[in-house]
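The values are calculated or read from the model by the stated rules, or taken from the named source; none is laboratory data. Quantities reported herein were computed from a predicted structural model and do not represent experimental measurements. Every residue, glycine as well, gets a Cβ built from its backbone with ideal geometry; the counts of neighbours run over all protein chains shown. With ligands, DNA and RNA removed, areas are computed over all heavy atoms of the protein, side chains included. Shrake-Rupley method; radii C 1.70, N 1.55, O 1.52, S 1.80 Å.
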Amino acid sequence: MAILESIKSLTELREKLKAKQAALSQKDNPQSTIQVKVTMATCGIASGSRPVYDFMKEELSKRNIPALVSQVGCMGFCYAEPTIEVTMPGKSPVIFGFVNTKKADEIIERFIRKGEVIDGVIPMNYETA
Amino acid sequence: MARQIRIALRNCGVIDPERIEDYISRDGYMALATVLTELSPEAVIEILKKSGLRGRGGGGFPAGLKWEITRKVQADQKYVVCNADEGDPGAFMDRSILEGDPHAVLEAMTINGYCTGASKGLIYIRAEYPLAVERLKTAMKQSREMGLLGNNILQTGFNFDIDIRYGAGAFVCGEETALIHSMEGLRGEPTVKPPFPSVEGYLKKPTNVNNVETFANVPVIINKGWEWFASIGTEKSKGTKVFALAGKINNVGLVEVPMGTTLREVIYEIGGGIQGGKEFKAAQTGGPSGGCLTKKHLDTPIDYDNLIAAGSMMGSGGLIVMDEDDCMVAIAKFYLGFTVEESCGKCSPCRIGNKRLFELLEKITQGNGTMEDIDKLRNLSTVIKDTSLCGLGQSSPNPVLSTIENFIGEYHEHVKDKKCRSKVCKSMMQYLVVPEKCIGCTLCARNCPVNAISGERKQVHLIDQEKCIKCGACMEKCKFNAIIIN
Ligand SMILES: Cc1cc2nc3c(=O)[nH]c(=O)nc-3n(C[C@H](O)[C@H](O)[C@H](O)COP(=O)(O)O)c2cc1C
Ligand code: SF4
Ligand code: SF4
């Protein structure tokens, strides 16, 4: 990354990144893709989120499903770790709890591929500043 | 329905903490840029003061005022310290912020440096937080590469850099003067305040110490304005507070709620209620320095002042929920045990007094207590509070005082009736065989680890109370519910 030389260059970079981010979730945007976030804070990792992260990354690509898999910090649902959040383009994010590789497989095959409603969804109960 | 609002946790679970681009896309470093190019240090401090932000590390001291005091002291060098020692048992708010959004803390510390006139920041972090340390290091490297940390930040001529210091592994090192001594390579012991660190701190230079969560609020306040922040919360406690919900609650986890949310909303609406549908008994806030809130506090809006009035304190945000199976005398003993371990030993009320409190509680839980002992607990607690040097000793009797205040009946039962209604204090219990139900299968006798059970096959068995260690193995094994606790 290049050195930012002023508030202007920071603002420009932010706008560029924001636009890129927004495009990811827009339904008909050619840049859009499925986003998968895996909680990888100490608590998530301790309850087994790393294998889930690896599984998602490898299997989605093996199964030819274009997606952006990333690690994030704590979503706060300790009781249901490991948790992952899946956002389909144009839809609201859905959070799943108690995810192991078996559940991850079900999420890929049924929720992502077929759009079915599956259990294990955690209700989103906060708003973000 | 009670709502969570995430300010300090705004990016946790949203961004990849190892990608500065993610942080920037969510307005990261905009507050710093605005501050450096458009605002004077005084103006920033004014914004913070008007926002009403108070310290989230325990004391609740107004953040803007602290920054102003540090700014006003004349010195050739000043320091900014982020307190990431987080020693309360069961608390992990700060760890989550550092692991989920490390740039927020770096940005806020840099803003603090600009306001107070410091060019150096130090993060004092528990050695038990390796992932947080790693993510902080990654974040620092990235922000240096982009000219957002280090020399000549955003080409404005302002220099500020940050270093990491590892905690010494003691609870008392979270106390700011002990923390500073620990960083200086001295023993992690507190010293008398004043002088406050803002006036004379690290290497005798003015040092602004703030907690992780306090810092994490700052960039948002600059970006969204103090009016917005001050519109959330109660009259004297603005914004939100992150709580680590633990204990007998269904949804154990991290929540961030507006100040003024009630305990009932936190426990029943956000926390999903008590495990197994049992009855709520108490909630401990403020960790070992706090006290318990009871049923009568369920509808009290949680803020700094109401918690103090209820005999507890905000503390760093641990919230441990207890149900009917928890014995309040045993809870007080648990916290005192922690304090006795963690007292640095510098002053006698805390070093010796807490030990005596612990022994009295032990005596009561073993069924040997007297009514006088309860009075002794009260008096000694007051003396320790009044005469200890630092916050640890000054607050350590709180769990004793608040359980006596709210659950005096349970103390009386332990002392007078030699009974523990929650069946926690084992010394007072007896495992007994009900002759009518026992068929003499010998299962219990074979499973008793100390051979305390005797009886012939097909005969009623008997538990030798002298030998019994109250492990409960027999009761678990018996298929006929023939063993009961008296
Ligand atoms: C025994 C003891 C332990 C403390 N532990 C912590 C801690 O782990 N983290 C923290 O931020 N503050 C802790 N504090 C409070 C600090 O002394 C200090 O008030 C705080 O870091 C100031 O930051 P704030 O104003 O942003 O809350 C502790 C205080 C005492 C007396
Ligand atoms: S009150 Fe306790 S922890 Fe604090 S200085 Fe005295 S002995 Fe040490
Ligand atoms: S296990 Fe129960 S039934 Fe069997 S001998 Fe012991 S008390 Fe009697």
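From the list B:Glu21, B:Glu107, pick out the single residue that is touching a residue at least 24 places away in the same chain (Cβ under 8 Å) and touching a helix residue (DSSP H, G or I) at 6+ places or on another chain (Cβ under 9 Å).
B:Glu107
How many residues are closer than 16 Å to A:Leu24 by Cβ and more than 7 Å from chain B (Cβ to nearest Cβ) when one looks only at the stretch A:69-104?
The total comes to 11.
Can you find even one residue in the stretch B:162-181 that is out of contact with any His (no Cβ under 7 Å at 6 or more places or on another chain) and within 14 Å of B:His103 (Cβ to Cβ)?
Yes, that holds for at least one residue.
What are the residues in the stretch B:335-366 that are away from ligand 2 (no atom under 16 Å from the Cβ), touching a residue at least 60 places away in the same chain (Cβ under 8 Å) and either out of contact with any helix residue (DSSP H, G or I) (no Cβ under 7 Å at 6 or more places or on another chain) or open to solvent by less than 30 Å² (accessible area, probe 1.4 Å) (or both), if any?
Passing the criteria: only B:Thr365.
Return a yes/no flag: does the stretch B:398-415 have any residue that is without any contact (Cβ under 8 Å) to a residue 40 or more places away in the chain and within 13 Å of ligand 3 (Cβ to nearest atom).
Looking through the stretch B:398-415, none of the residues is without any contact (Cβ under 8 Å) to a residue 40 or more places away in the chain and within 13 Å of ligand 3 (Cβ to nearest atom).
Quick one: which helices (runs of 4 or more DSSP H) sit completely within the stretch B:1-90 and have at least 2 residues that are open to solvent by 10 Å² or more (accessible area, probe 1.4 Å) and more than 29 Å from A:Thr39 (Cβ to Cβ)? Give the derivation first.
Working: elements: B:20-25, B:30-38, B:41-51, B:63-72.
Those helices (runs of 4 or more DSSP H) span B:30-38, B:41-51, B:63-72.
In the stretch B:393-416, what residues are near ligand 2 (Cβ under 9 Å from one of its atoms) and open to solvent by 20 Å² or more (accessible area, probe 1.4 Å)?
The answer is B:Gln394, and nothing else.
Just name the residue that is nearest to ligand 3 (Cβ to nearest atom) out of those in the stretch B:416-450 that are under 43 Å from the mean Cα position of the chain (by Cα) and part of a helix (DSSP H, G or I).
Once the filter is applied, the top-ranked residue is B:Cys444.
Within the stretch B:166-173, identify whether any single residue is among the small types (Gly, Ala, Ser), at positive phi, within 16 Å of ligand 2 (Cβ to nearest atom) and open to solvent by 10 Å² or more (accessible area, probe 1.4 Å), and answer yes or no.
Yes, because at least one residue in the stretch B:166-173 is among the small types (Gly, Ala, Ser), at positive phi, within 16 Å of ligand 2 (Cβ to nearest atom) and open to solvent by 10 Å² or more (accessible area, probe 1.4 Å).
Give me a count of the residues in the stretch B:250-266 that are in a strand (DSSP E or B) and under 17 Å from the mean Cα position of the chain (by Cα).
Total meeting the criteria: 5.
Tell me the residue from A:Ile107, A:Ile112, A:Ile118 that is open to solvent by less than 50 Å² (accessible area, probe 1.4 Å), at pLDDT below 95 and either more than 11 Å from chain B (Cβ to nearest Cβ) or assigned to a loop (DSSP other than H, G, I, E, B) (or both), please.
Going through A:Ile107, A:Ile112, A:Ile118 in turn, just one is open to solvent by less than 50 Å² (accessible area, probe 1.4 Å), at pLDDT below 95 and either more than 11 Å from chain B (Cβ to nearest Cβ) or assigned to a loop (DSSP other than H, G, I, E, B) (or both): A:Ile118.
Tell me, which residue of the stretch B:232-247 that is in a loop (DSSP other than H, G, I, E, B) and away from chain A (no Cβ under 12 Å) is least open to solvent (accessible area, probe 1.4 Å)?
B:Ser237
Please go through the stretch A:10-35 and pick out each residue that is more than 8 Å from chain B (Cβ to nearest Cβ) and either part of a helix (DSSP H, G or I) or touching a strand residue (DSSP E or B) at 6+ places or on another chain (Cβ under 7 Å) (or both).
Result: A:Glu12, A:Glu15, A:Lys16, A:Ala19, A:Ala22, A:Ala23, A:Leu24, A:Ser25, A:Thr33, A:Ile34, A:Gln35.
Taking the condition of being open to solvent by 70 Å² or more (accessible area, probe 1.4 Å) and either touching a residue at least 60 places away in the same chain (Cβ under 8 Å) or of a type in the set (D, E, K, R) (or both), how many residues in the stretch A:20-52 meet it?
5
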